[in-house]
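The values are calculated or read from the model by the stated rules, or taken from the named source; none is laboratory data. None of the values given here were measured: they were computed from a predicted structure. When we count neighbours, we look across all protein chains shown, and the Cβ atoms used for this are built from the backbone with ideal geometry, even at glycine. To get the accessible areas, we keep the full protein, side chains included, count just its heavy atoms, and leave off ligands, DNA and RNA. Shrake-Rupley method; radii C 1.70, N 1.55, O 1.52, S 1.80 Å.
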Amino acid sequence: MTGILYLCATPIGNLEDITLRCIRILKEADIIAAEDTRQAIKLLNHFQIRKPLISYHEHNKYDKGKEIVELLKSGKNIALVSDAGMPAISDPGEELVRLCIDNDIEIIPLPGPSASLTALIVSGFSTRRFCFEGFLPSSNKERKERLKKLSNETRTIILYEAPHRLLDTLGEIMECFGNRRISVSREITKKFEETVRAEISGVIDIFKERAIKGEFVLIIEGMSEKELIDIELKKWDNISVEEHIAMYLQQGMDKKESIKRVAEDRKLPKKEVYKIGCNLERRTKDAIHKRYDGGSDIKNKS
């Protein structure tokens, strides 16, 4: 029989946050695969767990992933742990999970600490709908493109950021989003845990005046539906309703679909757009008749 891969959530700071189930699985597993064995040893020593360790991280995930799959196929039960929190969230564990799925290996997740959700629930922003973006791309061009796409997001946005990039990232967010409200949490569950809630400019001012330490979770308030509608409507400020309908007609839509789309774009009643569409159609027909009649006169004269 093949073994089982256990995804073990470990504390993100306070060691008391580990679950009893996680401790039991770590004790029962044949092998523990760790993103950083040095970090894992500290945790295991604290709970007096002695198990063989395998290093599994971003730079060896392909070779080690295959090795772990072979061990699982031989019947070994393996517990996967990240540096902290849930494995497979913004770490190479996701690759191992896919590899195990492809090889029909059973995977059992053990719920537990998560920096993203912990920061979200303390932010005061909507938790009904949110999106997790993790770390932004390191390339300046890609970062700006990602932020531009996120700027119209109506859900609450969750980002991770390293201390040395915090101020630059906050500045880039304000440039793309405007001075929106944000909650910034650092050192979650640790001794110097802190959450700062303010507009982005205020958070920048706070962190400019101090040494920036710790890993950060940024929770950004989503754009309101009203703001989003206002932005959508501004797209059509420079063209008339008639030109708007004509644009869709030129793209190959029929009259009915063009009118429907224009009404949706401009948040107007469909009847109102239909009247304008009928006037446009009538004037178009008149123009065609004029050209036709003019052509007939020329033909008759010739």
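Only one residue in Glu16, Glu58 is in contact with a Pro (Cβ under 6 Å, 6 or more places away or on another chain) and surrounded by fewer than 19 Cβ atoms within 10 Å (Cβ to Cβ), so which one is that?
Working: Glu16 fails: in contact with a Pro (Cβ under 6 Å, 6 or more places away or on another chain).
Answer to the check: Glu58.
Can we say Leu5 is under 29 Å from the mean Cα position of the chain (by Cα), more than 27 Å from Ala119 (Cα to Cα) and surrounded by 21 or more Cβ atoms within 10 Å (Cβ to Cβ)?
Details: under 29 Å from the mean Cα position of the chain (by Cα): yes; more than 27 Å from Ala119 (Cα to Cα): yes; surrounded by 21 or more Cβ atoms within 10 Å (Cβ to Cβ): yes.
Answer is yes for this residue.
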Selection over the stretch 75-101 where residues are of a type in the set (Val, Ile, Thr) and closer than 18 Å to Lys27 by Cα yields a count of 2
The stretch 126-135, residues that are open to solvent by less than 20 Å² (accessible area, probe 1.4 Å) and either more than 14 Å from the chain's Cα centre (by Cα) or of a type outside the set (Gly, Ala, Ser) (or both) | Cys131
Just checking, how many residues over the stretch 251-273 are part of a loop (DSSP other than H, G, I, E, B) and touching a Leu at 6+ places or on another chain (Cβ under 9 Å)?
-> 1
Matching option when the condition is open to solvent by 60 Å² or more (accessible area, probe 1.4 Å), under 27 Å from Arg128 (Cα atoms), touching a residue at least 12 places away in the same chain (Cβ under 8 Å) and more than 20 Å from the chain's Cα centre (by Cα), among Glu187, Glu199 = Glu199
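Being surrounded by 15 or more Cβ atoms within 10 Å (Cβ to Cβ), part of a helix (DSSP H, G or I) and at pLDDT 95 or above: is that true of Leu96 here? Talk me through it step by step, then tell me what you get.
Details: surrounded by 15 or more Cβ atoms within 10 Å (Cβ to Cβ): yes; part of a helix (DSSP H, G or I): yes; at pLDDT 95 or above: yes.
Considered against the rule, which asks whether it is surrounded by 15 or more Cβ atoms within 10 Å (Cβ to Cβ), part of a helix (DSSP H, G or I) and at pLDDT 95 or above, Leu96 comes out as yes.
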Within the stretch 239-250, is even one residue at pLDDT below 80, assigned to a helix (DSSP H, G or I) and under 30 Å from Leu166 (Cβ atoms)?
-> no
Is it true that some residue in the stretch 158-175 is out of contact with any Gly (no Cβ under 7 Å at 6 or more places or on another chain), assigned to a strand (DSSP E or B) and among the β-branched types (Val, Ile, Thr)?
-> yes
Only listed residue being assigned to a helix (DSSP H, G or I) and modelled with pLDDT of 80 or more, chosen from Val217, Val203, Val196 | Val203
What number of residues in the stretch 101-124 are farther than 15 Å from Ile12 by Cβ and surrounded by fewer than 21 Cβ atoms within 10 Å (Cβ to Cβ)?
-> 10
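Given Lys42, Lys51, which one is open to solvent by 60 Å² or more (accessible area, probe 1.4 Å), in a loop (DSSP other than H, G, I, E, B) and either among the charged types (D, E, K, R) or touching a residue at least 24 places away in the same chain (Cβ under 8 Å) (or both)?
Details: Lys42 fails: in a loop (DSSP other than H, G, I, E, B).
Sole residue among the options that is open to solvent by 60 Å² or more (accessible area, probe 1.4 Å), in a loop (DSSP other than H, G, I, E, B) and either among the charged types (D, E, K, R) or touching a residue at least 24 places away in the same chain (Cβ under 8 Å) (or both): Lys51.
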Would the stretch 67-79 turn up any residue that is open to solvent by 40 Å² or more (accessible area, probe 1.4 Å), outside any loop (DSSP other than H, G, I, E, B) and free of Cβ contacts under 8 Å to residues at least 60 places away in the same chain?
-> yes
